[in-house]
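What follows is one structure encoded as structure tokens, with my remarks underneath.
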Amino acid sequence: MKPGYFTRQEVMSQPQTWERTLRIVTKRREGLQDFLAEASFKEVLTVGCGSTHYLAQSAATLLCHGTDSLAQAFPSSELWLFAHTIRSDAMLLTISRSGRTTETIRALERFRDDGGGPVLAVTCYPDSPLARQADFVLVAPDGQEQSVAQTRSFTSMLLLVQALTAVLADDDEMFERLYSLPECLSNLMDRAGDMAEELGKDLTVEQFFFVGAGPLYGLANESMLKTKEMSLSRAEAYHPMEFRHGPMSMVDEHTLMIGLISDTGLTEEISVLRDMQELGARTMAIIEDASVLAEWQPDNIIELRSGLDEWQRGPLYLPAIQQLAYYRALTRGLDPDQPSNLTAVVEL
Ligand code: F1P
């Protein structure tokens, strides 16, 4: 098998995978409504490990913004070992591609033992131990992968979380708007693929910084993890405005700084990129509409053109970064399907 054979397939199949995932979650919609109507909770604790921890971060932000619930994200191990805020009026949203990660299963068990409320699982494997122990399961079976690093599984499970948010918010339009994402992604991949490949092959870049705020912070973290796992490169992620508080001391001409640009923080986020370009960094903005960049241009721009707001277009930010990491891995002579030292599931 050629290096990266599976990763390439998994990344490129995302438009079709999203379509199928949306069809499946649409069939579960009524069941989900019934479950949520019965489930009494004031707060949602979201957990996962690695990629799915970062997905849990985005999930918490989406739920807080879109619904009446408070939501907090933790790595599964924090809930398992420290049981931070388990209360009977909390719902657990547990996220795991495999549904087999030990820490995530232990977090669920601890949540039950300590008298937590209902448990909702998001996973790619309907028959996994996690799915079997949850009260309700949202599944993206088409997100399953052969590769270690999560790509289409992550974005598909993010879609499930967005669908959950829409159902919890009782917002039909929010749910329907998700259907535009697969086609947006097809168009985007046609437009942005070459740039991702060119940047991925550029080994003059020695370190990556990803910045994203609000619903995009978890996605900046996931971008960082993808770059590390697949291409074994130095990568860090921050909230954009945090970057001036120390991390910018690392910026040099071998830095690529990628901004996942929001609507709310747009002006400030662009000004962080501009300042880092002045310090020598190469900059890239992933942005909904590049016409707002009249005064100053980053070195590279990926325009999403989704017509969706920052709370809805999240999955579109990731595929170009996954492609970049894939090409960088190949250019460095690595196999992105099999990152060093990693297994697809951590079972303790
Ligand atoms: C989570 C995870 C992956 C990571 C690594 C080990 O698995 O941390 O994100 O890439 O290979 O497992 P899961 O609980 O989502 O299946």
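List of remarks:
- Segment 87-110, subset of a type in the set (S, T, N, Q) and within 21 Å of Phe35 (Cα to Cα), residue nearest to the ligand (Cβ to nearest atom): Ser96
- Residue in segment 288-300 that is surrounded by fewer than 23 Cβ atoms within 10 Å (Cβ to Cβ), over 18 Å from the mean Cα position of the chain (by Cα), among the polar types (S, T, N, Q) and within 16 Å of the ligand (Cβ to nearest atom) present: no
- Checked against the criterion of being assigned to a loop (DSSP other than H, G, I, E, B) and in contact with a Cys (Cβ under 7 Å, 6 or more places away or on another chain), the candidates Ser306, Ser340, Ser262 yield just one match: Ser306.
- When Lys201 is tested against the conditions (1) touching a helix residue (DSSP H, G or I) at 6+ places or on another chain (Cβ under 6 Å); (2) closer than 22 Å to Leu55 by Cβ; (3) open to solvent by 10 Å² or more (accessible area, probe 1.4 Å); (4) not β-branched (Val, Ile, Thr), the lone failure is (2).
- Residues of segment 212-227 include at least one that is free of Cβ contacts under 8 Å to residues at least 24 places away in the same chain and part of a helix (DSSP H, G or I).
- Taken over segment 54-72, the criterion of being open to solvent by less than 30 Å² (accessible area, probe 1.4 Å) and assigned to a helix (DSSP H, G or I) is satisfied by Leu55, Ala56, Ser58, Ala59, Ala60, Leu62, Leu63, Gly66.
- Just one of (1) within 20 Å of Ser58 (Cβ to Cβ); (2) modelled with pLDDT of 95 or more; (3) within 14 Å of the ligand (Cβ to nearest atom) fails for Gln162. It is (3).
- Just one residue in the set Arg97, Arg132 is at pLDDT 95 or above, over 27 Å from Glu19 (Cβ atoms) and open to solvent by 10 Å² or more (accessible area, probe 1.4 Å); that residue is Arg132.
- Scope segment 313-337; condition away from the ligand (no atom under 16 Å from the Cβ), assigned to a loop (DSSP other than H, G, I, E, B) and open to solvent by 10 Å² or more (accessible area, probe 1.4 Å); matching residues: Arg332, Gly333
- None of Val161, Val167 is open to solvent by 10 Å² or more (accessible area, probe 1.4 Å), in a helix (DSSP H, G or I) and either farther than 24 Å from Pro15 by Cα or among the β-branched types (Val, Ile, Thr) (or both) except Val167.
- Residue within segment 172-190 that is aromatic (Phe, Trp, Tyr) and either more than 23 Å from Thr61 (Cα to Cα) or crowded, with 21+ Cβ neighbours inside 10 Å (or both) present: no
- Restricting segment 39-86 to residues that are touching a Cys at 6+ places or on another chain (Cβ under 8 Å) and at pLDDT 95 or above leaves a set whose member that is nearest to the ligand (Cβ to nearest atom) is Ser76.
- Any hit, segment 214-225, residues being more than 19 Å from Leu316 (Cα to Cα), more than 14 Å from the ligand (Cβ to nearest atom) and surrounded by 23 or more Cβ atoms within 10 Å (Cβ to Cβ): no
- Of the candidates Val119, Val139, the single residue that is open to solvent by less than 40 Å² (accessible area, probe 1.4 Å), closer than 30 Å to Trp18 by Cα and more than 14 Å from the ligand (Cβ to nearest atom) is Val119.
The values are calculated or read from the model by the stated rules, or taken from the named source; none is laboratory data. Note that the coordinates shown come from a computational prediction; the quantities given were computed from them, not determined experimentally. So basically every Cβ, Gly included, is an ideal-geometry build from the backbone, and we count neighbours across all protein chains shown. Heavy atoms of the whole protein, side chains included, go into the accessibility calculation; ligands, DNA and RNA do not. Shrake-Rupley method; radii C 1.70, N 1.55, O 1.52, S 1.80 Å.
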